[in-house]
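Chemist: Shown below is the structure under consideration.
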Amino acid sequence: MKCPTHKTDMQATDTKFGKRFACSLCDMVSWNGNTPTDQKTREARMEAHEAFDAIWKTGIMSRAKAYRVLAGEMMRPRAEVHMAQFSYDECQAVIRFAEELFDG
Ligand SMILES: [Zn+2]
C-alpha cells in the first residue's frame, strides 16, 4: 500500500479493526487495503453520516427513501451512494442536502 501523495510505502499495523496503513509523512490512512484517505476526508465522512442519519432518524423520510433522494440529488446510481466512499466534496454535498431538508 503506497501513499497517493508521497508514493512511499505506508506502514502497516495490526489493530482489532483490521490492518491499518499509515503514511509517515502525512495523515493518509487506509484500512484493510481500501483507498487511503486523509484526516479531512475522514472527518467529512463522519459529519456527512451524522447529517444523513438525522434525516431518517427524525422521520422526515425512511432510510431507504433518503438514500434514493440523495442518489438523485447527487446524480449517482443508488448502488454507488456509500458515505464511506465519498470524497470530501461529496460529503459536503450530503451535509448541504441534509441542511436544506431541515430548513425547508
Ligand atoms: Zn503521504
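Chemist: Over 18 Å apart: what share of the alpha carbon pairs of segment 1-86 falls there, rounded to a whole percent?
Modeler: Roughly 55 percent, rounded to a whole number.
Chemist: Calculate the FRET efficiency for ASP53 and ASN32 from the Cβ-Cβ distance with a Förster distance of 25 Å, rounded to the nearest 0.05.
Modeler: The computed FRET efficiency comes out at 0.60.
Chemist: Suppose the chain between ALA84 and GLN39 were pulled fully straight at 0.36 nm per residue; how much longer would it get relative to their current alpha carbon spacing?
Modeler: Fully extending the segment from ALA84 to GLN39 adds 14.9 nm.
Chemist: Right, another one. Which distance in nm do the two modelled labels at MET74 and PHE102 give, with both placed 7 Å along the Cα-to-Cβ direction?
Modeler: 1.9 nm
Chemist: Give me, ordered by chain and number, the residues 5 or more places off LYS19 or on other chains with an amide H under 5 Å from its own placed amide H.
Modeler: ASN32
Chemist: Under the definition of Cα pairs under 8 Å and six or more residues apart, what whole-number percent is the relative contact order of segment 1-85?
Modeler: About 15 percent, as a whole number.
Chemist: Sum -39500 (n - 2.57) across every DSSP H segment of at least 4 residues in the chain, then divide by the residue count to get the 222 nm mean residue ellipticity, nearest 500.
Modeler: Result for the chain: -15000 deg cm²/dmol, rounded to the nearest 500.
Chemist: In whole Hz, with x marking every Gly and Pro, tabulate ³J(HN,Hα) for segment 41-46 from phi via Karplus 6.51 cos²θ - 1.76 cosθ + 1.60, θ = phi - 60°.
Modeler: For segment 41-46, the Karplus-derived couplings read 5, 4, 5, 4, 5, 5 Hz, x marking Gly and Pro.
Chemist: Sticking with this structure for a sec: With each pseudo-label sitting 7 Å past Cα toward Cβ, what's the ALA93-ILE60 distance in nm, one decimal?
Modeler: 1.8 nm
Chemist: What ratio of Cα Rg to 2.2 N^0.38 Å holds for segment 39-103?
Modeler: 1.00
Chemist: Which whole-number percent is the relative contact order of segment 39-103 (Cα, under 8 Å, 6+ apart)?
Modeler: Relative contact order of segment 39-103: 47 percent.
Values quoted throughout were computed directly from the atomic coordinates according to the rules given, and no laboratory measurement underlies them. All values derive from a computational prediction rather than experimental measurement. Cβ coordinates were reconstructed from backbone atoms using ideal geometry, including for glycine residues, and neighbour counts include every protein chain displayed.
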